[in-house]
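Comments concern the structure below.
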Amino acid sequence: MRSELPVPETPAVRPLHAGWARSVLEPVVARGGPLVILILLVAYLSLSAPYFFTVGNFKNILQQTAAVMILAVGQTIVIIGAGIDLSVAATLALSASLGAVAMTYWGQSVWVGILLALAAGALVGLVNGLVITKGRVPDFIVTLGTMSAARGIALILTGGLPVPSHLTAIQLRAYLPQEIIWLGSGSVLGVPVASLVALAMAFVGWVILQHTPLGRATYAVGGNREAARVSGIAVDRVKISGYVLSGFLAAVAGLVLTGRLNSANALMAEGMELQSIAAVVLGGTNLFGGVGGVGGTVVGALIMGVLGNGLNLLNVSAFWQRVIMGLMIVLVVILDQWRRRRFEAWGEGRTR
């Protein structure tokens, strides 16, 4: 009986131009897409909004985007580690409120107020990390709970009033220190200090992720938690460290925003947690962890800032702005899923 030999499969023949387009466009879409979106958005608003393309307006954008950018850096570290932090904006408000109360009503120095604010932010992050890792509770649930708790503690601290309030500032002569005001509203050689702080925090985040064992372990945990554990990585410690960094950076953002607003209150930065997540995903970080970086997050935060500024200049109603921002968040998630599938397909195509 004659045995039949298996016939090797013939690979599908693709047109030369299709292969070239795939090899060139796929990496651009997967990695350079955020920068392309930012350039197109700036170009459109420069033509449609008469006062957009000015030096003064660009300074405003940098100053207004600083707090979101700092939050987004911390959010990037958490998301790369396959987590999510919904409490960052509430942590910002709690840290800023505690620092402002200490520096005004309690009569503490500016440095004591700053240290208290930073410690409060790191403590919230530590609580998040411990409950998530030791209690085996999903990140979403834990940070949703601490979001509410942090806002409540901030309301108790401030009595539901701005710090300093108008009356106390007059009666007690309780004002925020000029150092805090300078941090949020000052400038160095024409560049807003707030944006310099944001870029410094982005640089620190980049160094942590790219040049430290913690950063490499974060990518490993986000990529495959079980494989990271088997390889000897202390998964719980990595997760806790990510949340502590996120809380610390939220406190830094709170100090910057307090200086820009010249006051702190328990309800400040509402909705900013969603903006930080949108900035991270717009920047190319995978919502499921393991892929991403701080550089893309900076671009994503600038996209959010440019869009918000452009809508204001175009006299779009504040109500419609909320609708547009909400749709933006949904589109960002859709973009993340599409980009992830296309990038995986491109990687499989290269290995064939």
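Every read-out reported here was derived from the displayed coordinates using simple, explicitly stated rules and does not represent laboratory data. Since we're looking at a predicted model, the values are computed, not measured. Backbone-built Cβ (ideal geometry, glycine too); neighbour counts: all protein chains shown.
Label points 7 Å out from Cα along the Cβ direction at Leu126 and Ser187: separation in nm?
If labels sit at Leu126 and Ser187, their model points lie 4.0 nm apart.
Each residue of the range 155-163 in order: what ³J(HN,Hα) in whole Hz does its phi give by Karplus 6.51 cos²θ - 1.76 cosθ + 1.60, θ = phi - 60°, with x for Gly and Pro?
5, 5, 4, 9, x, x, 10, x, 10
Cut-off is 10 Å between beta-carbons; in what order do Met201, Met328 appear when sorted fewest neighbours first? Show your work: numbers first, answer last.
Numbers: Met201 23, Met328 17.
So the residues, fewest neighbours to most, are Met328, Met201.
Relative contact order for the range 232-321: what percent, with Cα pairs under 8 Å and sequence separation of 6 or more?
Value for the range 232-321: 17 percent.
Using R₀ = 22 Å, calculate the FRET efficiency as 1/(1 + (r/R₀)^6) where r is the Cβ-Cβ separation of Phe203 and Phe140; round to 0.05. List each step's numbers first, then the result.
Values: r = 29 Å, r/R0 = 1.33.
Here the calculated transfer efficiency is 0.15.
Using a Förster distance of 45 angstrom, determine the FRET efficiency expected from the C-beta separation of Ala149 and Ala43, and round it to 0.05. Numbers along the way, then the final one.
Numbers: r = 44 Å, r/R0 = 0.97.
Efficiency, from the Cβ-Cβ distance: 0.55.
Please report Leu47, Leu94 as a ranked list, fewest other C-beta atoms within 10 angstrom at the top and most at the bottom.
Leu47, Leu94
Hey, what do the phi angles of the range 119-128 turn into as Karplus ³J(HN,Hα) couplings, whole Hz, using 6.51/-1.76/1.60 and θ = phi - 60°, x for Gly and Pro?
Residue by residue, the range 119-128 yields 5, 5, x, 5, 5, 4, x, 5, 4, 4 Hz.
Between Tyr175 and Val112, what is the label-point separation in nm under the 7 Å Cα-to-beta-carbon projection?
2.1
Could you work out the pair-distance distribution P(r) of the range 53-334 from its alpha-carbon pairs, with 10 angstrom bin width and percents rounded to whole numbers?
7, 30, 35, 21, 6, 1, 0
Kindly rank 55-61, 276-282, 316-322 from highest to lowest mean number of other beta carbons found within 10 Å of each residue.
Ranked from most to least packed, the peptides come out as 276-282, 55-61, 316-322.
Pull out a ≥ b ≥ c, the square roots of the eigenvalues of the alpha-carbon gyration tensor of the range 32-134, then state rounded if a/c is under 1.5, prolate if not and a/b is larger than b/c, and oblate in the remaining case.
In terms of gyration-tensor shape, oblate.
So what is the relative contact order of the range 53-334, in percent, for Cα pairs below 8 Å that sit 6 or more residues apart?
In percent, rounded to a whole number, it is 36.
Where nothing but the Cβ of Lys and Arg (+1) and of Asp and Glu (-1) is charged, how large is the charge dipole of the range 53-334 around its Cα centre, in debye to the nearest 20?
It works out to roughly 200 debye.
Assuming 0.36 nm per residue, please report the length gained on full extension of the stretch Ala119 to Phe53 beyond their Cα-Cα distance.
19.8 nm
For the range 216-304, which chymotrypsin sites (Phe, Trp or Tyr not before Pro) pass both filters: DSSP loop (anything but H, G, I, E, B) and at most 14 other C-beta atoms within 10 Å? Could you put the intermediate results ahead of the total?
Numbers: sites: Tyr219, Tyr243, Phe248, Phe288; in loops: Phe288.
Of the chymotrypsin sites (Phe, Trp or Tyr not before Pro), the ones in loops of the range 216-304 whose Cβ has at most 14 other Cβ atoms within 10 Å are Phe288.
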